[in-house]
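Only one structure is covered here, and it is reproduced in the block below.
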Amino acid sequence: MAITSDVLVVGGGLAGVTAALAAAREGVDVRLVSHKQSTLSQASGLVDALGYVPAVRADGGTAGARDDPASPATDDDPTRTPTAGRTGVRDRPDPEGPLVDPFDAIDRLPAGHPYRLVGADALREGLALFDDVVDGYRGGHTDRNALVPTFGGTVKPTARYPASVAAGLASDDRPMLVVGFRSLTEFDARQVAARLEAAGVPFPVAGVEVAFPAAFRDDARVTRFARSLDLDESIDGTPARRALAAAVEPHLDAVADGAARVGFPAFLGDDEAPAVRADLAGHLGADVFEVPMGPPSLPGLRLADRLYDALDDAGVRYETGVPVVGYEATDEGHVEALLVDRKGTEVPYAADAVVLATGGLVGKGIDSDREGVREPVLGCHVPHPEERYEWYVDDAFGDQPYARFGVHADERLRPLDADGAVQFPNVRVAGATLGGADVAREKSASGVSLATGLAAGRDAAVEVAR
C-alpha cells in the first residue's frame, strides 16, 4: 500500500525544507524524504542572497551566460567562449561586486536564472519565511548585504547571518583581534588577519595563535571544543570559559589601540552558545564573535536544528536515509508515486504534487559521467553541450559552464524537456537542482534555495488545493 500525502518534497536541504514549509502553510498535507543527512550541516550557516553578478559585455550581454548552454558559442568574443582558458584568452571579466543591494541586481542576471523565473518578490518572501521560523539571525532590518569575514580571510556579502558573527562585520571600524589555536590547523588566524588587511578593511586587525587551555587529542573535532565550553568544564580547577579568556587576554594589545572585538573559530558552544560568548566577552572586556568555518560547521548544524524544529511545528513529516529509486507516471507525465528504498524494499510514496530539491552537481542532485549530464531521480532533461571540453575552462576559479548545469524550468518551476515543453506537469524543481545560476560565484546559493523553494512549495500546494 502506498504512503500518501498531498505534496511530497524530495531533498532535505534549505530548498527542500523551505518548499515543505511553504506548502504546509497553504494547509495541505506535506511529507519530506531525503537520501542523506541535510547538507545544511556542511554549510557556513550564512544566508547569501546575491553578492555578485556576471560582468556586462560591451554589447550589453552578460559574460559566460548564454541563454542556451546546450549550444556552444561560435563567435570569438572571449567572454562568450567557454574554452577561452585553453585557447590562451585570459581576459574573462570578473563578476561585478560585492553588491550592496541584491534586489537591485536581479534584473541584470541572465535570462533563465532562477531569480528571473520567480522574481525578486519570491526572494523577499523566502527571506521573510526564514526570518519567521529561524530565531537568532540578523540582517532582516535592511535589504542591504552585510559583509562577514570568513575563515579564508575574505569578506562575504550575505543577507542573513547568525547573531554569533554580528560583532565581526567588516562595516564596523573597531579594532579586531582574530584568535586561532595550535591544535586547529585549518584555521590560520594570522593569515585571516593578513588577508583582511590586504583587502582594505576599515579597521586595524591582527591575528594570534594560542594554545586551547584543555589538552584534547590532535584530531579532536570542533564539536569537542564546543562541548567543553558548553559545559564550562573544569580545566585544572578553572572553568573552561575563564581559562580560554585568560589565554587570550595577554594578546588584546596585539592590535593597534587594543582589541574592541575578538573573533574565534566558530566553535563557541552549541546548545549554550549565547552564554559562552557572553561569558568570554565579560572576561575579556571586548565583544566576541565567531568566524564561520568549513565543515563540520557548528553554525550550519545549529541552523539545521532550527529548520527541522520548524518542520515539526508545521506538522511536516520527514524521513532521512530513504533514497528515491524510481517512479510511476501516466503517459502524460503526471507522476503518481515515487518509489522509495526503505531497507531494501521499494515502497511507493503517492502524492498529488512533487517538489524536487535534491541539490546540484556537488550534492548529486545532478549527476554526470563521460556519457553526459542527468537528473537521476526522474530523468529530467539537463541541457549541456555534447562536447565535454565545452563543460569547463582551465582556470579553476574561472567562469565554469558546468556550474550552471541543471534542470531548466518554466515560470512555475515545472521541468522542461529538450523541446521546451513541460516534462512532468505536477513536478516543481527548486534550489541547486535548477540550472542557470553559478551560485558559488554569485554567492546566491541560499537565496536561490529560499526563493525557488518557497515558489515551488506554494505553487504545488495551491494546485493540489485547486
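The values are calculated or read from the model by the stated rules, or taken from the named source; none is laboratory data. Predicted, not measured: the structure shown is a model, and the values here were computed from it. All Cβ positions, even for glycine, are placed from backbone atoms using ideal geometry, and neighbour counts span all protein chains on display. What goes into the accessible areas is simple: the full protein's heavy atoms, side chains included, and nothing from ligands, DNA or RNA. Shrake-Rupley method; radii C 1.70, N 1.55, O 1.52, S 1.80 Å.
Numbers at a glance
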| quantity | calculated |
| --- | --- |
| Sorted peptide list for 367-374, 36-43, criterion being average Cβ within 10 angstrom, highest first | 36-43, 367-374 |
| Scattering profile of the chain at q = 0.05, 0.08, 0.09 Å⁻¹ [log10 I(q)/I(0), Debye over alpha-carbon scatterers] | -0.20, -0.51, -0.64 |
| Relative packing of 48-54, 248-254, 437-443, which averages over residues the other C-beta atoms within 10 Å, highest first | 48-54, 437-443, 248-254 |
| Over 17 Å [Cα-Cα, the range 156-290], rounded percent | 57 percent |
| Binned Cα-Cα distance frequencies in the range 426-466 - 10 Å width, integer % | 30, 46, 20, 4 |
| E332 accessible area, assembled protein chains, probe 1.4 Å, Å² | 140 Å² |
| FRET efficiency estimate (nearest 0.05) - Cβ-Cβ, T4 to E387, R0 45 angstrom | 0.50 |
| Sorted peptide list for 380-389, 114-123, 13-22, criterion being average Cβ within 10 angstrom, highest first | 13-22, 114-123, 380-389 |
| Accessible area (Å², per residue) of the chain, counting only protein heavy atoms and a probe of 1.4 Å | 43 Å² |
| Partners for K36 among lysines (Cα-Cα distance below 17 Å; same-chain residues under 8 apart left out) | K343, K364 |
| Residues whose placed amide H lies under 5 Å from that of V291, excluding near-sequence neighbours | F264, A266 |
| Taking the chain and dividing mean pair separation by its residue count, relative contact order in percent (alpha carbons under 8 Å, at least six apart) | 27 percent |
| Estimated translational D of the range 326-397 in µm²/s (Stokes, Kirkwood radius over Cα pairs; 25 °C; 0.890 mPa s) | 169 µm²/s |
| Sequence-distant residues sharing a close amide H with G180 (under 5 Å, placed H) | A189, V208, E209, V210 |
| Percentage, to the nearest whole number, of Cα pairs in the range 268-355 over 17 Å apart | 69 percent |
| Residue-count net charge about A455 - beta-carbon cut-off 10 Å; Lys, Arg +1, Asp, Glu -1 | -1 |
